[in-house]
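Everything on this sheet refers to the single structure shown next.
What follows is calculated from the coordinates using simple rules that are stated; it is not laboratory data. What you see is a predicted model; the values in this text were computed from it and never measured. Every residue, glycine among them, receives a Cβ derived from its backbone with ideal geometry; neighbour counts consider all protein chains shown.
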Amino acid sequence: MNIFKVFENDIRKLLDELAAEGHIPAGLDTARLTVEPPREAAHGDLSTNAAMILAKPAGKPPRALAELLVAKLKTRPDVASAEIAGPGFVNLRLSADVWRDRIRDVLTAGTAYGESTLGAGRPVNVEYVSANPTGPLHAAHGRGAVFGDALAALLEKAGYAVTREYYINDAGAQVDVLGRSTFLRYREALGEAVGEIPAGLYPGEYLKEVGQALAERDGSKWVGADEADWLPACRDFAIARIMEWIEEDLGVLGVRMDVYSSERALVKAGAVDIALKALEDRGLIYVGVLEPPKGKKPDDWEPRPQTLFKSTGFGDDVDRPLKKSDGSFTYFSNDIAYHFDKHRRGFDAQIDVWGADHGGYVKRMQAATTAITEGKASLDVKLCQLVHLMKNGEPVKMSKRAGTFVTLRDVIEEVGKDVVRFIMLTRRNDQTLEFDFAKVVEQSKDNPVFYVQYAHARCRSVLRHAATAMAGADLSAAALAAKANLARLDTEEEMALAKRMATWPRLVESAAEAHEPHRVAFYLYDLASDFHALWNKGRDDASLRFLIDGDEEVTVARLALVSAVATVIASGLAVMGVEPVEEMRS
């Protein structure tokens, strides 16, 4: 149960009552009405802006409307107090039983707690990673992979029908460079001395493996052949082999894609022609001459007629070319076709996760998506900033295999999948992330991975000790939900935990709507902090411990609380793709 949504709906009903009683006009627009936690905990449990946003259309001063609402809210048994704050906000304190009942909700639902019908089964396409198939995934790709995968899981928990997609950029100049680089390594595998890798080709050691595999498959078949013959063979072989590596690396990270879409297959199927014709039929393509880009000197710029898309009509800064000087399609044309294809497959909600270096491409792609779908589809682009790899504060050296960067597999093998996934979500996607190999495995409060996992492990340890001390007692979640007298939970720390867990369903919905999975990591850290605070108090005050000799009722109530905390942590970690640990090992 999302207690905030419950009160939001109930306040709408109270407004209907006030209208029926003649205090305010009927049919007021309540779309902007919210019920949220107050900015300061001292102000109460819930706060609503209802009187503030409805005062003008209701024809009343905000505080006068707030007084009418407060009078009705005070009659509810679940409301301990209702007060007007400032110009007309209404702050509520709920009865302790409201929060205690949420513990029972957690125990009954298990890790499904927090699931929502917000998405109502609407399809959403989340496209992420989509690295060019020219080499192994590196650490920055890992950040996009984790972000996209956690966002997809978050949207699923909020009730959306999510498709995870990888777009293979296997058309264009970069894969031809890959083909030529592979041919060089192929000749090397056959015994030819190739010397220094020529400028413009990929130098990574990983291509030695590709060249060797091609030599084992084809022998000397391509030696002496024309480029027109060997280039497609080398290119296709290299793409297939590198995509195998990418899928393996994603698998190790716990990422499983639903769909792999090929740019080359899309172009070959005529999708670009179909998309551009759709734009042309609506008068959105013309031939014109663009102004020089900012910063270009006159002798660097050759004005020429180009086939252009009227992207300025949809929020872009300038109109965009659709064809190169040789008449071939630009990357932008291919990308328009790809997003149109997603729309035609039923995805009007599209989310793309890109690297920060693609920031200048966002406006044009959003403009194109709006235009090509006639406003039916929306594209949200999430840019992932760089990851700085460090060890004890010093930059980590590049990978020998990759040649120019540290591979994602290197990072996973060093610290483990779960650490990588958790740490990648400890900053907003648009903020640079420092990943220090020493700090991310440190056993301290400053390491959020350890701190959250330690809270879960402590919960499980308490429940194991209870099972030993109360041999034969049924301490399953279902049994605790049924028999625990939660009224015995009355300390400040216990109520803080209950209130924190009650906000999990709201966090799921708000983070899903904002497309911000990092909020889950922040929430789990706060929940772990509340639990550790209670644990530490119990070390100093025996009356606050979870197992109390001679008082089974309070013990069972506290075990219900502990079991619920472990469940909510596991629920959050599942969204992040992280396995909760049963016990910590140094």
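Data overview
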| item | result |
| --- | --- |
| Dipole of region 173-252, positive end: most advanced residue of Leu178, Ala215, Trp245 [Cβ charges, Cα centre] | Ala215 |
| Exposed-site-free run, longest, the chain (rule: GluC sites (Glu not before Pro); DSSP loop; at most 10 other C-beta within 10 Å) | 375-586 |
| Region 3-94, Cα convex hull volume normalised per residue, Å³ | 84 |
| Long-range HN-HN contacts of Phe435 with modeled amide H, under 5 Å | His388, Leu389, Met390 |
| Largest-first principal axis extents of the Cα set of region 269-383 (Å) | 46, 32, 25 |
| Counting DSSP beta bridges with both ends in the chain, the antiparallel % (nearest 5) | 45 |
| Simple Cβ-charge dipole of the chain, Lys/Arg +1 and Asp/Glu -1, about Cα centre, in debye nearest 20 | 740 |
| Rounded tilt (10° steps) of 3-20 against the dominant C-alpha axis of the chain | 70 |
| Pair-distance profile P(r), taking every C-alpha pair of the chain, with 10 angstrom steps and integer % | 3, 14, 19, 21, 19, 12, 7, 3, 1, 0 |
| Under the Karplus curve 6.51 cos²θ - 1.76 cosθ + 1.60, θ = phi - 60°, whole-Hz ³J(HN,Hα) for region 66-81, x wherever Gly or Pro sits | 4, 4, 5, 5, 4, 4, 6, 5, 5, 7, 7, x, 8, 9, 7, 7 |
| Magnitude of the charge dipole, region 269-383, Cβ model with Lys/Arg +1 and Asp/Glu -1, debye to 20 | 120 |
| Rg/Rh (Cα only; Kirkwood hydrodynamic radius) as it applies to region 435-586 | 0.98 |
| Placed amide H near Leu383: partners under 5 Å, 5+ positions off or other chain | Trp354 |
| Listed pairs Lys157/Lys439; Lys268/Lys382; Lys277/Lys324 exceeding 24 Å between Cα atoms | Lys157/Lys439; Lys268/Lys382 |
| Flagged links, alpha-carbon separation over 18 Å, of Lys5/Lys499; Lys208/Lys417; Lys342/Lys376; Lys13/Lys74 | Lys208/Lys417 |
| Point-charge dipole on Cβ atoms (K/R +1, D/E -1) for region 3-94, about Cα centre, debye to 20 | 140 |
| Anchor Lys323: aspartates and glutamates whose Cα lies under 16 Å away (excluding residues fewer than 8 positions away in-chain) | Asp273, Glu280, Glu302, Asp335 |
